[in-house]
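First up is the structure itself, then whatever we jot down about it.
Derivation of every value follows stated rules applied to the coordinates shown; laboratory data play no part. Treat the numbers as computed from the prediction; the structure is a model and nothing was measured. FYI the Cβ positions are ideal-geometry reconstructions off the backbone, even for glycines, and counts take in every protein chain you see.
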Amino acid sequence: MIPDEKEVIDIIQNNMTDNLICRALEMRPEEITKFICGLANVEGGYVLIGVERDNGVLKVKGFQLAFDIKTVMDDVSKKLKGKILFEYGHIYVLTKNVFAIKVEKAEQNILIDDMCYCYKNNSIEVCREKKKNSSTLFISYTECDAPIVDIIEKKISEKLQNKVKISRYTGLKYKDSFKMFMDTIQDHDFVLTIVSDTYLRRQACMYEVGEIIKDHHYKDKLLFVVLSEKERKYYEKNAPDKIEADIYKGAASKLEYTRYWKKQYEELEKAMKQINDYEATRQATYDLQVIGQIYRKDIGEFLQFLSDENGKNFQKLYDSDFDELIRWICVR
């Protein structure tokens, strides 16, 4: 069977990059096999050949019909071990041909030569065995979003029990140094970030983001959940005025956060000049450096990362009993 044409067109036109692998050109059987295996071992998804991702935007490049598709896909089927469902075919998008493969989620892990692969950020990686000792998970969030974190932490603890140690800064004792604790973020195996409008406007949270970004492997250890107004029902009476983070509404919306932090920088700088006393403004000087780092570099890089990788929707995770989140921790 051929994948649903309308569904494929909708994915491309709306830049729906979740559980999607796209390549301008790739028809090597061994690579296609890994793509299918990786998607089947997570939530399923699509492989689109003739499409590439450019700064979070899906662009149709077209696919040459000269390839012997049947021979390639027959070879792919022979390489896969395990029960797996997928369909493929040619679909025209904006007058250009796209080769689409739709992969269903497998009930059990699919192997290739006794190796297990999993989808990760428009690519595939080997699913490593869990280390014998427990992993560490740091949950980065702002205080007003604690009801969401409570739900996530409870579910992880129920499913993984002593296999993962969870840290969140509200658990610190009074005598502990808040800054010293956040400086250890890079030493955690995983960082789960709960992104809301308030999160993106809090200096402490953006400091955490800065620490994460210093690790050049941070994309492999970071998973983020972007909140929307639909989550308001979980907050009861303590919900902030605005929950949703304006990340996917275009460049202008994202620049509002840069503008916000630039304003914070300018106001603090102005106040320090008015006081004009180094000793009195020593701590403020440090804060000014942190805020400058946030608005000049960290906020832009983090928002671009969110745009490119598309954050996980909390309600979808909740409805699936957080299976994707649990799998993310277990297969690393």
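The table below lists the values:
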| read-out | value |
| --- | --- |
| FRET efficiency, residue 13 to residue 239 (Cβ-Cβ, R0 51 Å, nearest 0.05) | 0.95 |
| About the Cα centre, charge dipole magnitude for the chain (Lys/Arg +1, Asp/Glu -1 at Cβ), debye | 380 |
| Highest-fluctuation residue, 137, 223, 94 considered, GNM on the chain with Cα pairs under 10 Å | 94 |
| GNM result for the chain, Cα springs below 10 Å: residue of 114, 75, 298 fluctuating most strongly | 114 |
| Value of D in µm² per second that Stokes-Einstein yields for the chain, Kirkwood Rh from Cα pairs, at 37 °C (0.692 mPa s) | 149 |
| Cα shape, the stretch 73-170, gyration tensor, a/c 1.5 rule | oblate |
